[in-house]
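A.B. asks: Here you go, one structure.
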Amino acid sequence: MNILIVEDDAGLTELVKEKIELFGFQTASIQSAGKAIDWLKVNTPYLMILDYRLPDMNGKEFIMELQKTELVIPPFIVSTGQGDEHIAVEMMKLGARDYLVKNRYFLDKLPEVLKRITDEIENENKRKQTEEKLLESESKYRELIELAVDGILMCSHEGIIISANSYMQKLTGRTLDNLIGLHINTLFSGEVLNKEPYRFDLHLEGNIVLIERNILCSNGKIITIEMHTKMMPNGTYQSIIRDITGRKMAEDNLRKLSSAVEQSQVSIVITNKDGVIEYVNPKLLEVTGFAVDETIGQNPRIFKSGEFSGNDYKDMWNILITGKEWKGIFHNRKKNGELFWESATISPVKNEFGEITHFVAVKEDITKKKEMEINLQKALEKAEEMSRLKSNFLANMNHELRTPLNGILGFAGILKEELKDQEHIKMASVILSSGRRLSETLNLILDLSDVEAEKIDISSKKLEVVSIVKNIAGLFTEAALQKKLDYRFINKERKIFAKLDEQFFPRVIYNLIDNSVKYTDKGSIVIEIGTENQNNNSLFYVKIKDTGIGISKENIEIIWNAFRQISEGLNRGYEGTGLGLTISKRITELLHGTIEVESELGKGSEFIVKFPAILEIVEEPEPMMQKEFVSVESGTTDHPSKELPRVLYVEDDITNQNVVKLYLKNRYLIDIADDAINALKLIEQKKYDIILMDINLGRGMNGIQVTKEIRKYSSYVNTPIIAVTAYTMGSDKSEFMRAGCTNYLAKPFYKNDLLKILDEISIRK
Ligand code: ADP
């Protein structure tokens, strides 16, 4: 440490140096003010002893000169001459620490002054250092406060904000200027404030108080904060404010979720990843009868009934551990041993790293549903059984009814032709028409049972539908004319082709025309056939429009239901079974067609059926409208009698044998075999052109077996065999064909039906 002596008296300088060095200081000495200034530019002495009177300037000028520079003026003592005390006062004003008078005590006083001044300087330095440290720690504290991601406030004892960190601005959206000077309560959202204004005065020094409030931000948003406040020794308050809006929302959601789980009407089980139960909801306890402590810590196997196999569980775990959901049904056991059905969905719960931590099972008690299902299954089986019984019953009844009916119809027909007495003819006509009605009803009932049992074999063949519809329409000409109806057939095209079933399509048209004639007593019936294009598909339509009794809006739907008629019960005004439309609709749908009706009560009805058509250009178009019908009596052409074809009729029923004999009189040579043995005997003796084969022969082989036998004779490989049977369930027919029959004729048949088929075959031959 250096003490600078600025003194022009060299002798005195030496003496002073001596004294000072005794204190352990080093010294430097300079004789003029100018040099001293230069020296000070590069050195910083600890203390300067300045002689007031220097050769170039006095002490006052020197200090003032120094003040003009940016140099730090070191602490200094002034030495003056005797009687210059006023100078000393002046210098003290300029900053001198003390002064020494150059008298005889000068050197003696020097140590004492030096001691005092150095002590003073030491103290000053220490204070300065402390102050610097304080400043430094204060700025660090400031920085920290500014860095904080919580709002930090300082308030006066009255609650006025004195300072706030910048996060406070972010939190509230207010500027610092706006925040400072506000009362803390003005920050809080009004609603809560009114309920419970914040009371700083309730604080005790040193205690930390935690409160939760809403803050109304400057953008109108309300956030929730928690505020920790501490009263400082000086009576101010420091608060740390944290935005807990997100946490609150999460807590709220958690509360909602947990009460949903708690109150849920489905059972919920949460296990850890090892399958140990950690949570069950009240519903599970209610369903199973277990208590909470009987389930927590257990494995869900406590619910096992043992019906689910070990492999099933393995499969379930294999799915779950891949992180996928498993859905299935358990047959579980309650605490009291009772079994119950549960439908369960088990899902793995994963942490943020995608690792499975838990499994959640959500289960619903489906015991009632399951019981219903089982009952339903039983009912279904029973219904199927009933339906099978019904089909068998119908097949048997069919045979039992048709065979005698054939006799009734056959002989009634013959009687009608042979009888002379008008009364008798009438009687025979009644028997014939009643028998026909019975036969038609039978057909309808059987058709329906076939359709319902989906037993019918739909074949698809290219048909020319204009002629088919025209022929069917022709069948009703007479009935329509008798009712004096204006009965018309209109074909918009000459020919229309479509792929349809040749047995079922005509039945639909027949039913519809039959109804229109039945339900129309005056006016007209127009049957129209034509084509149209629908969404690029070619269709053909048949419209049957009548001016009959019509159908009311409320009844329009029931007409499609089986056995439903508009006039039902004892007041039934029309004959019929209520089956025609049901069958027609089902058949139409099976043939990929549509059927619709438009009708007005008392005005008439229009039934429209549509089916896909095959587009084919027919060269010469016929006139657009025709009123024309074909004869019902087709296929009755007489066969040249010179060489009559030979027919073998295999039939056990004598009535039928006689009817057929009469039918074929003068047209065919007929032999009868009443069982298989006779039939085979006859074919060995003679060569027949056609064989009529009854299928149910009562005893011995049935018709199918006989047919197979006949086919073994080389001379009978190609002989036409017509299956004649009352078994007309749809699937039977294909069976006959497979056995070797070439044609098929259903009982009861009329003379024309039989002749038509025989004539066709013999012409072909
Ligand atoms: P039904 O054997 O009674 O004719 P359907 O199933 O063919 O049985 O018809 C059911 C009912 O629909 C009929 O009873 C009749 O009430 C009504 N219906 C059918 N066609 C017509 C029509 N062209 N005009 C008025 N009503 C009809």
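A.B. asks: What is the number of the single condition among (1) open to solvent by 80 Å² or more (accessible area, probe 1.4 Å); (2) within 29 Å of E355 (Cα to Cα) that K221 does not meet?
C.D. replies: With (1) open to solvent by 80 Å² or more (accessible area, probe 1.4 Å); (2) within 29 Å of E355 (Cα to Cα) applied to K221, the lone miss is (2).
A.B. asks: Select from segment 78-111 the residues that are among the aromatic types (F, W, Y) and open to solvent by less than 30 Å² (accessible area, probe 1.4 Å) and list them in ascending order.
C.D. replies: First, pick out the residues of segment 78-111 that are among the aromatic types (F, W, Y): 99, 105-106.
Residue satisfying the conditions is F106 alone.
A.B. asks: Follow-up. Among the listed residues Y663, Y649, which satisfies the condition of being among the aromatic types (F, W, Y), in a helix (DSSP H, G or I) and touching a residue at least 12 places away in the same chain (Cβ under 8 Å)? Steps first, answer last, please.
C.D. replies: Working: Y649 fails: in a helix (DSSP H, G or I).
None of the other options fit; the residue is Y663.
A.B. asks: Tell me, please, whether a residue that is surrounded by fewer than 22 Cβ atoms within 10 Å (Cβ to Cβ), away from the ligand (no atom under 15 Å from the Cβ), of a type in the set (D, E, K, R) and in a loop (DSSP other than H, G, I, E, B) can be found in segment 458-475. Walk me through how you get there before you give the answer.
C.D. replies: Of all residues in segment 458-475, those surrounded by fewer than 22 Cβ atoms within 10 Å (Cβ to Cβ) come to 458-464, 467-468, 470-471, 474-475.
Then drop every residue that is not away from the ligand (no atom under 15 Å from the Cβ), which leaves 458-464, 467-468, 470-471, 474-475.
With the extra rule that they be of a type in the set (D, E, K, R), the set shrinks to 461-462, 464, 470.
After this cut, where a residue has to be in a loop (DSSP other than H, G, I, E, B) as well, the list is none.
Within segment 458-475, not a single residue is surrounded by fewer than 22 Cβ atoms within 10 Å (Cβ to Cβ), away from the ligand (no atom under 15 Å from the Cβ), of a type in the set (D, E, K, R) and in a loop (DSSP other than H, G, I, E, B).
A.B. asks: Among the residues of segment 526-553, write down those that are more than 16 Å from the ligand (Cβ to nearest atom) and crowded, with 21+ Cβ neighbours inside 10 Å. Steps first, answer last, please.
C.D. replies: Narrowing segment 526-553 to residues more than 16 Å from the ligand (Cβ to nearest atom): 529-541.
The answer is I529, F540.
A.B. asks: Does any residue of segment 509-518 turn out to be within 16 Å of the ligand (Cβ to nearest atom), modelled with pLDDT under 90 and buried (at least 16 other Cβ atoms within 10 Å of the Cβ)? Explain how you work it out, then say what you get.
C.D. replies: Initially, segment 509-518 is screened for residues within 16 Å of the ligand (Cβ to nearest atom), giving 509-518.
Adding the requirement that they be modelled with pLDDT under 90 leaves none.
Within segment 509-518 (the criterion being within 16 Å of the ligand (Cβ to nearest atom), modelled with pLDDT under 90 and buried (at least 16 other Cβ atoms within 10 Å of the Cβ)), the answer is no, since none of the residues qualifies.
A.B. asks: For the subset of segment 595-610 comprising residues that are surrounded by 19 or more Cβ atoms within 10 Å (Cβ to Cβ) and within 9 Å of the ligand (Cβ to nearest atom), which member is farthest from the chain's Cα centre (by Cα)?
C.D. replies: The selected residue is G604.
A.B. asks: Conditions first: (1) more than 12 Å from the ligand (Cβ to nearest atom); (2) farther than 24 Å from L579 by Cα; (3) at pLDDT 90 or above. G523 passes all but one, so which condition is the exception?
C.D. replies: (1)
A.B. asks: Now for a different question. Quick test for you: out of I121, I117, I73, pick the one residue that is of a type in the set (A, V, I, L, M) and either part of a loop (DSSP other than H, G, I, E, B) or without any contact (Cβ under 8 Å) to a residue 24 or more places away in the chain (or both). Even if it seems obvious, please write down each step before you answer.
C.D. replies: On the way: I121 fails: either part of a loop (DSSP other than H, G, I, E, B) or without any contact (Cβ under 8 Å) to a residue 24 or more places away in the chain (or both); I117 fails: either part of a loop (DSSP other than H, G, I, E, B) or without any contact (Cβ under 8 Å) to a residue 24 or more places away in the chain (or both).
Result: I73 is the single residue among I121, I117, I73 that is of a type in the set (A, V, I, L, M) and either part of a loop (DSSP other than H, G, I, E, B) or without any contact (Cβ under 8 Å) to a residue 24 or more places away in the chain (or both).
A.B. asks: What do you reckon, is V192 more than 18 Å from L153 (Cα to Cα), open to solvent by less than 70 Å² (accessible area, probe 1.4 Å) and modelled with pLDDT under 85?
C.D. replies: Yes, satisfied.
A.B. asks: Filter segment 484-508 down to residues that are within 16 Å of the ligand (Cβ to nearest atom), surrounded by fewer than 21 Cβ atoms within 10 Å (Cβ to Cβ) and not in a helix (DSSP H, G or I), then give me how many there are.
C.D. replies: Of segment 484-508, the ones within 16 Å of the ligand (Cβ to nearest atom) are 485-488, 504, 506-508.
Those still in the list that are surrounded by fewer than 21 Cβ atoms within 10 Å (Cβ to Cβ) too: 486, 488, 506-507.
Still in the running and not in a helix (DSSP H, G or I): 486, 488.
Qualifying residue count, segment 484-508: 2.
A.B. asks: Shifting gears a bit: Say we look at segment 656-679 and pick out the residues that are among the aliphatic types (A, V, I, L, M) and closer than 22 Å to L405 by Cβ; which of these is most open to solvent (accessible area, probe 1.4 Å)? It would help to see each step written out before you state the result.
C.D. replies: Keep residues of segment 656-679 that are among the aliphatic types (A, V, I, L, M), which gives 659-660, 662, 664, 669-670, 672-673, 676-677, 679.
After this cut, where a residue has to be closer than 22 Å to L405 by Cβ as well, the list is 659-660, 662, 664, 670, 672.
Values: V659: 6, V660: 2, L662: 64, L664: 1, I670: 40, I672: 48 Å².
Here the answer is L662.
A.B. asks: Under the condition of being open to solvent by less than 60 Å² (accessible area, probe 1.4 Å) and of a type in the set (D, E, K, R), which residue from segment 417-457 is farthest from the ligand (Cβ to nearest atom)?
C.D. replies: Here the answer is D450.
A.B. asks: Additional query: Might you let me know whether segment 172-180 holds any residue that is surrounded by fewer than 13 Cβ atoms within 10 Å (Cβ to Cβ), out of contact with any Gly (no Cβ under 7 Å at 6 or more places or on another chain) and under 30 Å from S218 (Cβ atoms)?
C.D. replies: We begin by selecting, within segment 172-180, every residue surrounded by fewer than 13 Cβ atoms within 10 Å (Cβ to Cβ); these are 175, 177.
Still in the running and out of contact with any Gly (no Cβ under 7 Å at 6 or more places or on another chain): 175, 177.
From what's left, under 30 Å from S218 (Cβ atoms): 175, 177.
Yes - at least one qualifying residue is present in segment 172-180.
A.B. asks: Let me spell it out: the conditions are (1) of a type outside the set (A, V, I, L, M); (2) within 23 Å of T403 (Cβ to Cβ); (3) modelled with pLDDT of 90 or more, and D653 meets all of them except one. Which number is the exception?
C.D. replies: Of everything listed in (1) of a type outside the set (A, V, I, L, M); (2) within 23 Å of T403 (Cβ to Cβ); (3) modelled with pLDDT of 90 or more, D653 misses just condition (3).
A.B. asks: Quick one: count up the residues across segment 12-38 that are under 16 Å from T80 (Cα atoms) and open to solvent by less than 60 Å² (accessible area, probe 1.4 Å).
C.D. replies: Result for segment 12-38: 5.
A.B. asks: Count, please, the residues in segment 590-645 that happen to be under 17 Å from I496 (Cα atoms), at pLDDT 50 or above and of a type in the set (A, V, I, L, M, F, W, C).
C.D. replies: Matching residues across segment 590-645 total 9.
A.B. asks: Within segment 576-594, can you find the residues that are away from the ligand (no atom under 11 Å from the Cβ) and open to solvent by less than 20 Å² (accessible area, probe 1.4 Å)?
C.D. replies: I587, T588, L591, G593
A.B. asks: Now a separate question. Please work out which one of (1) open to solvent by 10 Å² or more (accessible area, probe 1.4 Å); (2) within 22 Å of P748 (Cα to Cα) is the condition L682 fails and give its number.
C.D. replies: Of the numbered conditions (1) open to solvent by 10 Å² or more (accessible area, probe 1.4 Å); (2) within 22 Å of P748 (Cα to Cα), the odd one out for L682 is (2).
A.B. asks: If you scan segment 318-356, which residues turn out to be over 27 Å from E286 (Cβ atoms), open to solvent by 40 Å² or more (accessible area, probe 1.4 Å) and either out of contact with any strand residue (DSSP E or B) (no Cβ under 8 Å at 6 or more places or on another chain) or not in a helix (DSSP H, G or I) (or both)? Even if it seems obvious, please write down each step before you answer.
C.D. replies: To start, the set of residues in segment 318-356 that are over 27 Å from E286 (Cβ atoms) comprises 318-319, 321-324, 350-356.
In the following step, the residues that additionally are open to solvent by 40 Å² or more (accessible area, probe 1.4 Å) were identified as 318-319, 321-322, 324, 350-355.
Selection gives N318, I321, T322, K324, K350, N351, E352, F353, G354, E355.
A.B. asks: Between a residue in segment 348-377 that is in contact (Cβ under 8 Å) with a residue 24 or more places away in the chain and among the acidic types (D, E) and any residue that is assigned to a strand (DSSP E or B) and surrounded by 13 or more Cβ atoms within 10 Å (Cβ to Cβ), which pairs come within a Cβ distance under 7 Å, given they are 6 or more apart or on different chains?
C.D. replies: Sorted first by the residue in segment 348-377, then by its partner, the pairs are E364/E342; E364/S343; D365/F340; D365/E342.
The values are calculated or read from the model by the stated rules, or taken from the named source; none is laboratory data. Just so we're clear, the structure is a prediction, and the values are computed from it rather than from any experiment. Cβ: placed from backbone, ideal geometry, glycine included. Neighbour counts: every protein chain shown. In case anyone asks, the SASA skips ligands and DNA or RNA and just uses the protein heavy atoms, side chains included. Shrake-Rupley method; radii C 1.70, N 1.55, O 1.52, S 1.80 Å.
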